[in-house]
Amino acid sequence: MIGCNHRPVGLYTSAQATRGKDVYAGMCLSCHVGMGNHTGAKFRAQWNGHAVGELYGFIHDNMPQNDPASLPDADYAAVVAYLLQVNGMPAGATPLPPDTLALAHDTIAVTPATR
């Protein structure tokens with residue numbers, strides 16, 4: 001579930017999350033083996049209650065670790081969409097924008113039942 005002040009639930013599209021899965025597999029898996037730190041309790045502990053823009057900004061500014069901020073902005077947005085999807089947040093009709101400020105009021109709200 002995502003709570004937000006200005007948009008309906010569903011901040012990304014399924015197609016965007018699928019693209020994010022591909023970007024993650026190609027650019028992230030070499031350092032992030034598996035999804036353990038990015039799902040369930042670990043994701044919830046780190047990101048629950050934070051703005052989606054914070055997650056986007058963190059990933060954009062710090063990843064990949066050997067060359068931060070080197071991917072196209074749309075790839076970072078796709079990876080965030082993928083992370084939201086694997087944490088049980090629903091897709092919508094509009095792609096997640098690659099913009100920290102545009103996502104500042106969209107809050108991550110992951111319930112304990114999320115795997």
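Some points to look at:
- Residues residue 54 and residue 93, FRET efficiency given R0 of 30 Å [Cβ-Cβ distance, rounded to 0.05]: 0.80
- Per principal axis, descending, Cα span of the range 44-110 in whole Å: 30, 28, 22
- Carbon and sulfur %, accessible surface of the chain computed with the full protein complex present, 1.4 Å: 57 percent
- Taking each residue as 0.36 nm, the span from residue 62 to residue 18 lengthens on full extension beyond its C-alpha to C-alpha distance by 13.7 nm.
- Separation in nanometres of the label points that stand 7 Å from Cα toward Cβ, at residue 25 and residue 37: 2.2 nm
- Lys, Arg +1 and Asp, Glu -1 on Cβ, resulting dipole of the chain about Cα centre, debye, nearest 20: 460 debye
- Each label point was placed 7 Å from the Cα along the Cα-to-Cβ direction; for residue 45 and residue 74 their separation is 3.7 nm.
- The helix-based estimate of mean residue ellipticity at 222 nm for the chain, built from -39,500 (n - 2.57) per DSSP H run of four or more residues and divided by its residue count, is -11000 deg cm²/dmol to the nearest 500.
- Over the chain, the reciprocal of the mean inverse Cα-Cα separation, the Kirkwood hydrodynamic radius, stands at 13.8 Å.
The values are calculated or read from the model by the stated rules, or taken from the named source; none is laboratory data. Please read these numbers as outputs of a predicted model, since none were measured by experiment. Note that we place each Cβ from the backbone using ideal geometry, even for glycine, and neighbour counts take in every protein chain shown. Heavy atoms of the whole protein, side chains included, go into the accessibility calculation; ligands, DNA and RNA do not. Shrake-Rupley method; radii C 1.70, N 1.55, O 1.52, S 1.80 Å.
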